[in-house]
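Note sheet for the following structure.
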Protein chains: 2
Amino acid sequence: MSNASPLLPVLEPEAVAPCCPPLNERPLTADEAERAARMFKALGDPVRLRLFSLVASHEGGEACVCDISDVGVSQPTVSHHLKKLKEAGLLTSERRGTWVYYRVEPSVVAAMGQALISG
Amino acid sequence: MSNASPLLPVLEPEAVAPCCPPLNERPLTADEAERAARMFKALGDPVRLRLFSLVASHEGGEACVCDISDVGVSQPTVSHHLKKLKEAGLLTSERRGTWVYYRVEPSVVAAMGQALISG
DNA sequence: TCCTTGTTTCGACGTATGTCTATATTGACA
DNA sequence: TGTCAATATAGACATACGTCGAAACAAGGA
């Protein structure tokens with residue numbers, strides 16, 4: 001991560017197009033595909049998709065890890081998947097005291113949806 | 001698959017919701033997640049995403065395998081990925097003479113998009 | 001300070017996946 | 001029928017991935 005000065009905010013390409021252009025607009029470049037595939041891949045696991053849906057549908061738009069249970073895998077595995085979703089830019093996390101809360105990144109998710117809807 | 005009589009058409013859940021309910025409506029069940037994740041997973045590979053985008057953006061909404069080149073992998077690998085996209089319900093294929101044409105399944109793709117947009 | 005609870009990291013293991021080359025299949029056309 | 005071009009399948013291989021139990025880390029309370 002570069003030490004960006006707050007005095008010179010730079011709009012990075014990722015910020016403008018968190019996902020990709022509409023998939024039916026033109027063939028994706030290799031780079032675009034690489035970046036977008038990372039996001040789709042994150043939702044491409046049943047457990048992760050359940051976790052994501054669980055957070056997205058939880059009241060307040062966020063869920064504590066402690067709210068999550070009964071997805072059928074061990075707690076370390078839950079943590080591992082949450083990390084993956086975070087790395088993909090779909091979730092953010094924040095520690096508040098003892099608990100860690102996850103919430104969805106609406107703009108990124110919406111961009112993924114747009115890429116498909118237009119397609 | 002049950003031998004459904006054409007006289008008694010049954011609307012199967014899959015037909016109604018090719019993908020899944022909006023991800024923020026309620027936590028997905030294990031079955032829903034399993035089915036939906038299969039679709040997202042199909043788009044979770046850079047090469048497959050490029051292939052999909054290539055077909056989706058091609059004129060007439062369809063592309064011959066012969067139109068596909070320069071995705072950086074061998075011809076058998078292209079064929080393998082197209083098969084995966086087909087198995088996921090995102091593409092259909094039809095042989096016309098020597099060539100095989102692939103086209104996107106709009107309803108399925110739109111349903112995936114909706115699941116995200118509402119989310 | 002020590003304990004307890006919540007969460008993440010580590011290391012290992014089996015399976016799934018993407019890729020290739022070689023081969024088979026399909027259809028058009030001499 | 002035989003040959004050629006387009007596509008698919010088979011088999012092999014390396015790597016990625018999901019999972020677990022054990023251990024580490026973080027934060028609050030006795």
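Coordinate-derived values only; no laboratory data. Predicted model, so just to flag it, every value in this text is computed and none were measured. All Cβ positions, glycine included, derive from the backbone under ideal geometry; neighbour counts span all protein chains shown.
Using modelled backbone amide H atoms (1.01 Å from N, in-plane), which distant-in-sequence or interchain residues come within less than 5 Å of residue B:100's amide H?
Amide H to amide H, under 5 Å and 5 or more residues apart or across chains, residue B:100 pairs with B:65, B:66.
Once phi is turned into θ = phi - 60°, what whole-Hz ³J(HN,Hα) does the Karplus curve with 6.51, -1.76 and 1.60 give for every residue of the range B:20-30, x standing for Gly and Pro?
Once θ is set to phi - 60°, the couplings for the range B:20-30 become 4, x, x, 5, 9, 6, 6, x, 5, 6, 4 Hz.
Step by step: find N for the range A:28-117, compute 2.2 N^0.38 Å, then divide the Cα radius of gyration by it. What's the final number?
Numbers: Rg = 13.4 Å, N = 90, 2.2 N^0.38 = 12.2 Å.
Computed over Cα atoms of the range A:28-117, the ratio equals 1.10.
I need the inter-copy label distances for residue B:73: point set 7 Å along Cα to C-beta, values in nm with one decimal, smallest first.
Distances to the matching label points in the other copies: 2.3 nm.
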